[in-house]
């Protein structure tokens with residue numbers, strides 16, 4: 001269980017980084033913060049999933065473990081929160097693999113699998129809220145932590 005506690009602490013830490021970056025983005029308006037926010041959010045989600053699932057290796061966001069993680073998380077979190085958490089991981093992975101990345105206004109435009117995908121700041125804020133919900137629910141579902 002100690003690993004889950006460490007993972008939860010790391011998830012909270014990366015969420016705090018995301019929240020600070022979001023405040024800086026709002027104050028300064030530097031669009032490069034958006035890419036950093038996505039990456040830090042994905043780290044927070046990875047640690048949160050590890051805390052729920054209890055996986056000890058660092059590759060939570062791939063293959064069979066991801067499928068099993070989704071099945072487990074649905075027991076503890078609502079469907080929208082689960083979907084948002086896994087969507088963050090997908091977006092972070094796609095952002096790293098995207099040959100084109102363009103930030104305009106409050107949007108990030110990515111070229112993924114030959115199609116342009118747009119991610120808005122409002123959607124990023126929704127993802128951040130879902131991370132907070134997941135962290136809160138971890139505490140409620142696992143009192144011994």
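Computed values, structure above
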read-out: Some residue of the range 130-137 being modelled with pLDDT of 90 or more and farther than 21 Å from residue 5 by Cβ; value: yes
read-out: Test: residue in the range 104-124 that is without any contact (Cβ under 8 Å) to a residue 24 or more places away in the chain and closer than 30 Å to residue 5 by Cβ; value: no
read-out: Answer from 3, 7 - the residue that is in contact (Cβ under 8 Å) with a residue 40 or more places away in the chain, surrounded by fewer than 20 Cβ atoms within 10 Å (Cβ to Cβ) and out of contact with any strand residue (DSSP E or B) (no Cβ under 7 Å at 6 or more places or on another chain); value: 3
read-out: Of all residues in the range 87-98 being within 30 Å of residue 76 (Cα to Cα) and in contact with a strand residue (DSSP E or B) (Cβ under 8 Å, 6 or more places away or on another chain), the one that is modelled with the lowest pLDDT; value: 95
read-out: Conditions (1) surrounded by fewer than 17 Cβ atoms within 10 Å (Cβ to Cβ); (2) touching a strand residue (DSSP E or B) at 6+ places or on another chain (Cβ under 8 Å): number failed by residue 26; value: (2)
read-out: Residue check for residue 93: in a strand (DSSP E or B), surrounded by 13 or more Cβ atoms within 10 Å (Cβ to Cβ), on the phi < 0 side of the Ramachandran plot and touching a residue at least 12 places away in the same chain (Cβ under 8 Å); value: no
read-out: Options 101, 140, 40; residue that is at pLDDT below 80 and touching a helix residue (DSSP H, G or I) at 6+ places or on another chain (Cβ under 8 Å); value: 101
read-out: Considering residues of the range 24-37 that are within 17 Å of the chain's Cα centre (by Cα) and at pLDDT below 90 only, the residue farthest from residue 95 (Cα to Cα); value: 33
read-out: Criterion: more than 22 Å from residue 9 (Cβ to Cβ) and modelled with pLDDT of 85 or more - qualifying residue of 106, 113, 78; value: 78
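The values are calculated or read from the model by the stated rules, or taken from the named source; none is laboratory data. Quick caveat, the model's predicted, so the values are computed rather than measured. With ideal geometry, Cβ positions are generated from the backbone for all residues, glycine too; neighbour counts draw on all protein chains shown.
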